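The block underneath contains the structure these notes are about, expressed in structure tokens.
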Amino acid sequence: MAQYLLNIVQPVGEVPSPEDLEPVMKDLAALNEEMQAAGVWVFAAALHQPDSSTVVRAEGGDVLVTDGPYAEAREFVGGFDLIEVDDLDQALVWAGKLARALGGLPVEVRPVAQAF
């Protein structure tokens, strides 16, 4: 079994209204239940917009802390699912279901190199 990170890519900007988000959240909850029932679900989370982030860098003996995203971009990882499946083909099936539940937002599929 291999683990895959399914990154949900969304545009930077206004958060959709609760009325617009409600059906998406319902579809995501159903998909998470389906993943759990299939035994592939490991973990999932939603993330705040990039402007809420803090970047920490080690420079020499100092630690530098700055507000804001690491890089300015038009898109960001807005959430993710970590799944465990036999191979990339199965990961792509689940990523397709996730993209459909999200109304067509892109989903980046990335294999986990090593779990710690």
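The values are calculated or read from the model by the stated rules, or taken from the named source; none is laboratory data. What you are looking at is a predicted structure, and each value in this text was computed from that prediction instead of being measured. Note that we place each Cβ from the backbone using ideal geometry, even for glycine, and neighbour counts take in every protein chain shown.
Against the numbered list (1) touching a residue at least 60 places away in the same chain (Cβ under 8 Å); (2) in a helix (DSSP H, G or I); (3) of a type in the set (A, V, I, L, M); (4) in contact with a strand residue (DSSP E or B) (Cβ under 6 Å, 6 or more places away or on another chain), residue 5 comes up short only at (2). Does residue 17 fit the bill of being surrounded by 14 or more Cβ atoms within 10 Å (Cβ to Cβ), more than 27 Å from residue 84 (Cα to Cα) and polar (S, T, N, Q)? No. Within region 79-107, residues that are touching a residue at least 40 places away in the same chain (Cβ under 8 Å) and among the aromatic types (Phe, Trp, Tyr) sit with their Cβ atoms under 9 Å from residues that are in a loop (DSSP other than H, G, I, E, B) and buried (at least 19 other Cβ atoms within 10 Å of the Cβ), at 6+ positions apart or across chains, in these pairs: 94/40. One residue stands out in region 24-74 among those that are more than 22 Å from residue 11 (Cα to Cα) and of a type in the set (Asp, Glu): the one that is modelled with the lowest pLDDT, namely 59. For region 23-77, a tally of residues being in a strand (DSSP E or B) and touching a residue at least 60 places away in the same chain (Cβ under 8 Å) returns 3.
Within region 78-93, being in a helix (DSSP H, G or I) and touching a Phe, Trp or Tyr at 6+ places or on another chain (Cβ under 8 Å) holds for 88, 91.
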